[in-house]
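Here the structure comes first, spelled out in structure tokens, and everything after it is commentary.
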Amino acid sequence: MANLPRFVFFKGKVMPYADAKIGLLTHALHYGTAVFGGLRGYWNEDEGQMYIFRPRDHYRRFLLSAKLMRMDVDYTIDDLIGFTKELLRAEGYRTDVYIRPLLFLADEVIGVRLHGLHPELAIMSLPFGTYVANDTNAHVTFSSWRRIDDNAIPARGKIAGAYVNTAFIKSDAELAGFDEALVLTQDGHVSEGSAENVFIVRDGVLITPPVTDNILEGITRRTVIDLAREELGLTVVERHIDRTEVFICDELFLTGTAAQITAVTRVDHRPIGTGEMGPITRQLRELFQQVVRGKHPKYRHWLEPVY
Ligand code: PMP
């Protein structure tokens, strides 16, 4: 059995994880009718403090995902942050963690629909390190799968059922020996990674697909755009990216809460730039680690202390 959390926030309180039970007819289990989030808590050893990174932005997206799914949720962003802190304090972690809030349609009924059903909230957390193996020199492939389209299942929502698309992409890439995959939109533009947004550097300009290219509107993506402009003085452009631009770009990296900033140095056996992590990726990675651990005063407002 994998490592399990000791506690969960469920039915309005922190309880032992083992005591939280749901029935096999639970709607979300059959139809993927759940939305989730993924946050990180970063341990700052010097301060003896854990910082949750941009919880306000994560929980705003969480509630918007719920809205897409017609879920009536009474909780506010402040409520959700409070529950998360309560849970993390119960766990008492003194290490980096991943935080997983989940809202699922909890009715035990047969029948696919969204309306007239009741969401239940659960929040869990676990110690967490790196997500993408080789995050300084990842080898990535172009998936043969396409990204789900906004008119099928909106990728801008973090909807459980939509992650079957991610699972297809990720498993085929890993079983073929790659660390990750890039996935294209139906019309053949670069959309994102299986669970990361993507950036390329061409002639010193940072380029990333727009939110209308079936991407998840990533919090790390937004963070990188801000840091690149503010701290590195870079021009950042949101536009379609052609598949072949990936083969000739100078640098390429993936961003995500789990993946953080993952340098990609090869795509389908072609070297990206020099074939080693580039200077802009390196600078952004270093800056990012300072920011998330509370070592950059200017960005302390993105952090929520737990203890
Ligand atoms: N795209 C997808 C499909 C994802 O699942 C994630 C991870 N949440 C991301 C992008 C990155 O988003 P964020 O930076 O908010 O974690």
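Couplings 3J(HN,Hα) of the range 107-112, computed from phi: 4, 9, 9, 8, x, 7 Hz, in residue order, whole Hz [Karplus 6.51 cos²θ - 1.76 cosθ + 1.60, θ = phi - 60°; x for Gly and Pro]. In order along the range 161-169, the Karplus-derived 3J(HN,Hα) couplings, from 6.51 cos²θ - 1.76 cosθ + 1.60 at θ = phi - 60°, round to x, 5, 7, 5, 4, 4, 5, 4, 5 Hz, and Gly and Pro are given as x.
The apolar share of the surface of the chain, taken as the fraction of accessible area on carbon and sulfur atoms (1.4 Å probe, ligands and nucleic acids excluded), comes to 51 percent. Largest accessible area first, the residues Leu39, Leu4 order themselves as Leu4, Leu39 under a 1.4 Å probe with ligands, DNA and RNA left out. In terms of the Cα gyration tensor, with a ≥ b ≥ c the square roots of its eigenvalues, is the range 80-207 rounded because a/c is under 1.5, prolate because a/b exceeds b/c, or oblate? Verdict is oblate for the range 80-207. One Cα centroid belongs to the range 256-307, the other to the range 44-68; the line between them spans 17 Å. Solvent-accessible surface (1.4 Å probe) assigned to Trp145 amounts to roughly 90 Å². Calculated from DSSP H runs of 4 or more alone, at -39500 (n - 2.57) each and per residue, what is the 222 nm mean residue ellipticity of the chain, nearest 500? Computed ellipticity for the chain at 222 nm equals -8000 deg cm²/dmol.
The largest-to-smallest principal axis extents of the Cα set in the range 268-307 are 46, 18, 11 Å. Counting only alpha carbon atoms, the long axis of helix 77-91 and the longest principal axis of the chain meet at about 80°. Check cross-link reach from Lys11 to the lysines: straight Cα distance under 22 Å, and skip same-chain residues fewer than eight apart. Excluding near neighbours in sequence, the set is Lys21, Lys67, Lys85, Lys158.
By the compact-protein rule of thumb, 2.2 N^0.38 Å, the alpha-carbon radius of gyration of the range 206-290 corresponds to a ratio of 1.05.
In terms of the Cα gyration tensor, with a ≥ b ≥ c the square roots of its eigenvalues, is the chain rounded because a/c is under 1.5, prolate because a/b exceeds b/c, or oblate? Cα axes put the chain in the oblate bin. Accessible area per residue for the chain is 45 Å², calculated with a 1.4 Å probe on protein heavy atoms, without ligands, DNA or RNA.
Label sites at Thr212 and Arg113, each approximated as a point 7 angstrom past Cα along Cα to Cβ, lie 3.4 nm apart.
The values are calculated or read from the model by the stated rules, or taken from the named source; none is laboratory data. Source: prediction; values computed, not measured. Cβ: placed from backbone, ideal geometry, glycine included. Neighbour counts: every protein chain shown. Surface areas here come from the heavy atoms of the whole protein model, side chains and all, with no ligands, DNA or RNA. Shrake-Rupley method; radii C 1.70, N 1.55, O 1.52, S 1.80 Å.
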